[in-house]
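Okay, so here's the structure we're looking at.
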Amino acid sequence: MSDFNVLKAQLSDSRYALQARLGERQPKIGIILGSGLGVLAEDIENAVSVHFGDIPHMKRSTAMTHVGQFVCGNLGGKCVIAMQGRLHGYEGNTPREIAYPVWLMHELGVEVLITTNAAGAINPAFEVGDFCIMTDHINFTGGNPIVGTEPNELAMRFFSMYEAYDPALRALVKEVAREAEIPVREGVYLGLLGPSFETPAEIRAFRAWGADTVAMSVIHEVIAARHVGMRVLGISLVSNMACGVQASNPSDFEVFQVALERSDDFCHLVTETVERLAL
Ligand code: HPA
């Protein structure tokens, strides 16, 4: 059996186990909640929670403050499945392992992926506490979840990453933000492995490449989602200026502090966007 054939069999096992816990719930929207942003899961009604570790073939989350569970129920009048916490490369997960829950959500019937994270701002015009809608990304992780002998078993090996971040979804979240008077930026996200923060020289180089924000997640999730044709919306919360920008020297403490302060606006942005999504 080829590697992607094995993957397909594993996904089917996982889906069976997860569906047994979800009962009648049939989510069409998947939400990945990044560092400090897991609070949104508390707004999900009629919720059922399933720890990653209780699902066959899923890796557990080891990142601090990432609960590491799926929470499925109603948000904004729709059935959603949220990941309260995610899998990162810096925890020792392969790109394929990071992509796995995205493919699993797709197997469940999820068509739209909203992925969120805390990020450092490379663009000096951005401010801590801003939300940034991802317009595009630069994969600086060194990996790709589609690498393997027979990815065609799941979907085409070669596929376009043009407009990977769905223009209609971007327009929708911007409209929600405008009406609620929540200022949002748009920009190119650069994702890397971590866990060390970047050097000032790296940040200068990334800025020259056109990156506006930087963090240690999202990339493999988005590649996996596009591989199987899911529509993607990416939202970063600027938790800090990137290393060297305005003499910043980031620490993970400020990431959580800022997320806490901005959680009301974050929950509004995502919930209202879900409510208005035509699905
Ligand atoms: N760099 C990398 N990852 C991050 C940052 C950063 O500045 N802030 C939040 N996640």
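The values are calculated or read from the model by the stated rules, or taken from the named source; none is laboratory data. Just so we're clear, the structure is a prediction, and the values are computed from it rather than from any experiment. Note: ideal-geometry Cβ built from the backbone for every residue, glycine included; neighbour counts use all protein chains shown. Ligands, DNA and RNA are stripped out before the accessible areas are found, and what is left, the full protein with its side chains, is counted by its heavy atoms. Shrake-Rupley method; radii C 1.70, N 1.55, O 1.52, S 1.80 Å.
Before moving on, here are some points about what is shown:
For every residue, the table says whether it meets (1) within 14 Å of the ligand (Cβ to nearest atom); (2) surrounded by fewer than 22 Cβ atoms within 10 Å (Cβ to Cβ); (3) of a type in the set (D, E, K, R).
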site	(1), (2), (3)
ALA168	no, yes, no
VAL214	yes, no, no
VAL218	yes, no, no
SER239	yes, no, no
GLY244	yes, yes, no
THR273	no, no, no
LEU279	no, yes, no
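- Scope segment 173-187; condition open to solvent by 30 Å² or more (accessible area, probe 1.4 Å) and not in a loop (DSSP other than H, G, I, E, B); matching residues: LYS174, GLU175, ARG178, GLU179, VAL184, ARG185, GLU186
- Of all residues in segment 125-150, those that are touching a residue at least 40 places away in the same chain (Cβ under 8 Å) have Cβ atoms under 8 Å from Cβ atoms of residues that are part of a loop (DSSP other than H, G, I, E, B) and open to solvent by less than 20 Å² (accessible area, probe 1.4 Å), 6 or more apart or on another chain, in PHE131/ILE182; CYS132/PHE126; MET134/VAL218; ASP136/ALA164; HIS137/ALA164; HIS137/VAL218; ILE138/ALA211.
- Hits in segment 111-126 (condition: more than 14 Å from the ligand (Cβ to nearest atom) and surrounded by fewer than 24 Cβ atoms within 10 Å (Cβ to Cβ)): GLU111, VAL112, ALA125
- Given (1) touching a residue at least 24 places away in the same chain (Cβ under 8 Å); (2) within 16 Å of the ligand (Cβ to nearest atom); (3) open to solvent by 20 Å² or more (accessible area, probe 1.4 Å); (4) closer than 16 Å to ILE122 by Cβ, number of the condition ALA205 does not satisfy: (1)
- Close pairs from segment 232-247: first farther than 23 Å from THR115 by Cα, partner part of a strand (DSSP E or B), Cβ under 8 Å, at least 6 apart: CYS243/GLY120; VAL245/GLY120; VAL245/ALA121
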